[in-house]
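Structure first, then comments.
The values are calculated or read from the model by the stated rules, or taken from the named source; none is laboratory data. Keep in mind it's a predicted model, so treat the numbers as computed, not measured. Cβ: placed from backbone, ideal geometry, glycine included. Neighbour counts: every protein chain shown. Keep in mind that these areas ignore ligands, DNA and RNA; they rest on the heavy atoms of the full protein, side chains included. Shrake-Rupley method; radii C 1.70, N 1.55, O 1.52, S 1.80 Å.
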Amino acid sequence: MANNRNAKDALYITPVGTVTYDEYVRIPYEKGRHADETALVKPNGKGEAIGVGAYNTEDPFFFRVSIVGRPGCTVFPTDGAKKYYTQCLRASLKCYPIEIESYSVVHNGAFFVIASYDQTPVSYRRYFDLVNSTYAKYFNETFGFSGFAFRSKLYVKRLKEAGDVAAQIVSVDKQPTARHMHNARNYIFCSSGEPEATALTSRSAFLRAFGKQGASMLNEAYRSAHVDRGSIIDLLNVGLLNREKLDDVIENTLVDYGCYTKKAVPNNLMHRIIALISENSGAPFDKICSKLAIPKAQRGELLAKVMGELTIGLKHSFDASYELLNACVPDKRALAVDVVIEISDRLGYSVDKIFAMLGFAYCAVIDGQCVYYNDELLVQIVLKMADTRGMLIEGVIAKLGIIDTFEDPARRAYVAKLCRSRVGSAL
């Protein structure tokens with residue numbers, strides 16, 4: 001199998017949401033030393049050097065990494081999806097000192113044995129973050145989902161002995177056969193069956209670490225492998241089929257934000273923390289708030305902020321956010337008004353773009369005429385913003401980016417008339 005660092009990949013395409021990187025070259029360890037005794041993988045040329053992992057050891061570290069799709073959907077539903085994921089894997093290898101020793105992409109997850117020339121977990125975590133976030137955008141756009149495609153947690157096991165590494169290389173490689181999906185040698189989304197021209201797998205790190213003895217052990221592991229249902233990597237044992245416990249998700253999320261107790265969470269971070277906890281645990285909004293000791297009187301305003309964060313950060317529609325949070329409010333339309341105002345305050349987008357983000361219809365041009373679908377909701381938004389911010393109706397209309405167009409040259413005046421009519425009827 002070709003070493004993927006130097007192979008020219010004729011089928012390479014830039015995954016959605018990434019940049020094209022120049023080839024990365026490894027600085028010789030003796031010449032690349034810095035004050036901290038590390039060497040780096042640096043870009044050759046003017047390629048954008050975001051997220052470049054540190055090459056700081058000549059002795060590779062080996063890990064088995066398990067990744068699974070979020071509950072409730074099949075994350076690789078088609079061969080095209082699996083192919084795109086392998087393209088993401090290959091493209092991202094240019095950015096980090098990582099080598100893939102073995103892999104399998106199955107219907108709802110992927111398994112890897114990797115070698116890392118970074119002694120810290122930074123490089124392999126950033127590598128899979130880049131791969132998974134790139135694929136998630138493709139997955140959501142192609143199959144009509146939103147938010148994360150994968151569980152945010154990587155399930156990683158350090159492998160130290162040659163025998164352990166060899167056994168896991170074979171185990172990962174044989175997962176399609178063990179699952180009765182396909183014979184591994186004829187399955188192009190695993191190490192054994194991948195096309196030579198677009199190979200991801202390289203065993204150079206394994207041979208470098210363990211030499212001829214390791215090669216002999218690996219050959220013996222392949223010869224003696226008995227593949228059946230018992231060979232399946234047990235997802236239950238690594239916690240992949242069930243969501244993490246809510247308390248663990250809360251603790252890990254707080255630590256990620258530098259908050260080591262529930263009382264230490266700043267108010268301006270609370271909505272972001274709740275959004276991530278909900279996405280990773282699937283727990284209802286009220287249950288999360290109870291765990292974080294948030295008074296019920298504060299939850300209404302906070303709910304709109306959390307739904308705004310889910311829309312802005314995780315690309316959820318309004319209905320998807322509402323379902324994810326298992327929210328229960330007496331007036332769903334009033335909540336929609338609050339969420340639109342929240343996004344407007346944070347991003348300053350025009351109302352038509354905000355409606356598109358939330359999955360609300362705004363207007364269509366039919367036979368040269370503009371047809372509007374949610375003017376009733378728009379009027380409520382304008383009136384609430386005018387009331388809570390002490391602004392004139394015309395000022396709110398301008399802030400929301402409502403403009404006169406060729407198809408509708410009197411749009412602003414018409415919206416203002418609708419709003420004043422509503423105010424007059426209320427009086």
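A few points about this structure:
- Summing charges over all other residues whose Cβ lies under 14 Å from the Cβ of Lys384, with Lys and Arg as +1 and Asp and Glu as -1, gives -3.
- Residue list for the stretch 383-411, given a label point 7 angstrom along the Cα-to-Cβ vector of Arg420 and an amide N cut-off under 19 Å: 383-387, 390-400, 402-404, 409-411
- Across the cross-link table entries Lys153/Lys315; Lys315/Lys399; Lys245/Lys332; Lys83/Lys137, which are compared at the Cα atoms, the separations over 18 Å belong to Lys153/Lys315; Lys315/Lys399; Lys245/Lys332.
- Neighbour-limited loop hits for trypsin sites (Lys or Arg not before Pro), the stretch 106-192 (at most 13 other Cβ within 10 Å; DSSP other than H, G, I, E, B): Lys160
- Evaluating 6.51 cos²θ - 1.76 cosθ + 1.60 at θ = phi - 60° for every residue in the stretch 203-220, the Karplus couplings come out as 9, 5, 5, 5, 5, 5, 7, 10, x, 5, 4, x, 4, 5, 5, 5, 4, 5 Hz, glycine and proline recorded as x.
- The stretch 351-427: Cα Rg divided by the 2.2 N^0.38 Å rule of thumb: 1.10
- Pairwise FRET efficiency - His107 versus Glu407, Cβ, R0 = 56 Å, nearest 0.05: 0.75
- Overall, the accessible surface of the stretch 265-417 at a probe of 1.4 angstrom is composed of carbon and sulfur to the extent of 53 percent.
- Take every pair of alpha-carbon atoms less than 8 Å apart whose residues are at least six positions apart; their mean separation over the length of the stretch 342-427 yields a relative contact order of 25 percent.
- Converting phi to 3J(HN,Hα) with the Karplus coefficients 6.51, -1.76 and 1.60 and the offset θ = phi - 60°, the stretch 364-370 yields 9, 9, 10, 6, x, 10, 7 Hz in sequence order, with x at every glycine or proline.
- Label zone at Thr388 (point 7 Å along Cα-to-Cβ), backbone N below 17 Å, the stretch 285-314: 297-312
- Subtracting the Cα-Cα distance of Ala334 and Asp286 from 0.36 nm times their residue separation leaves 15.5 nm of extension gain.
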